[in-house]
Amino acid sequence: MNERTRRIRRAGLAFLALAALSATLGHAGTSAELAAVWQAATDAPFAFTRFDSEFSLETGLVYFLGGRLADGGTDGTIWSFDPVTGDYANTGVTLPVPISNYEIARLIDANGDEVLVVFGGRTAAGTVTTTVQGYFPVANTTTTFASDPYPLATSPGGVAVAGNKAYVFGGFDAVVALSATHIFDITAAAGARWTIGPSLALARSYIATAVVDGFVYAIGGDSWDGAALHAVSIVERLDT
């Protein structure tokens, strides 16, 4: 090894050592990060299961559109949560058809109003509904899209929003798992808001969803063999 090579090597090692030291000191300085733990927040005044929540950009509040109760019943009461104050509030409004097993799509209608929309779901009677319902956070009112019921009588497997359209796919009604995809355009004319999209490769429900760069991701979920649900690791994506 000649002297020039040795100098280059020493310089490189010194740079790597300095970079490692800087990274160590920088990380050591973030004591708040190292000390971060889950902390208790305000308990919810409701005890729902199988429910969803959605943040409203218009009001700055999070909304919960009811859910299933411990006794198996269903409560359609709509609650709000203020992430700044930590306060919950009963909006005094209930969904027209109380449901559980739902996911919320935040959409903007043809009038420019923000609407939190749910599709189908499980009713208090233990059956599924095709009713499409909406909650207007600013007006604190609800509606049903009577002319555009959900095309399938089921609880959706996954719901995602891209381009102000809701992609509703998969599902399970306690009898069969579904693979169909339906696309809801809230700005379309009444009676013409639904179109059919491509089906999932694997019929399933309880799907985690994400939207990134125009792609809707359907992550995992449960398939159904006619007797039991089975967790799956499959991930599919749809270019919207």
Can you tell me the 0 to 90 degree angle between the C-alpha axis of helix 3-28 and the longest principal axis of the chain, rounded to 10? 40
What is the pair-distance distribution P(r) of the chain, computed from all Cα-Cα distances in 10 Å bins starting at 0, with each bin given as a whole percent? 7, 26, 28, 17, 8, 7, 5, 2, 0
J(HN,Hα) series, region 185-192, from Karplus relation 6.51 cos²θ - 1.76 cosθ + 1.60, nearest Hz, glycine and proline x: 10, 5, 8, 6, 5, 4, x, 9
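About the Cα centre of the chain, what is the dipole size in debye to 20, counting +1 per Lys and Arg Cβ and -1 per Asp and Glu Cβ, all else neutral?
Numbers: 13 positive and 22 negative charges, 267 e Å.
My answer is approximately 1280 debye.
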If we restrict to alpha carbons, what Rg and Dmax does region 138-210 come to, in Å? 13.0, 40
Convex hull per residue volume in Å³, alpha carbons only, for region 56-192: 110
When Rg is the radius of gyration of the Cα atoms in region 64-130 and Rh is its Kirkwood radius, what does Rg/Rh come to? 1.01
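A short reminder: the numbers here are calculations on the coordinates, not readings from a lab. None of these values were measured; they are calculated from a predicted model. Quick reminder, even Gly has a Cβ in these numbers, built from the backbone with ideal geometry, and neighbours come from all protein chains shown.
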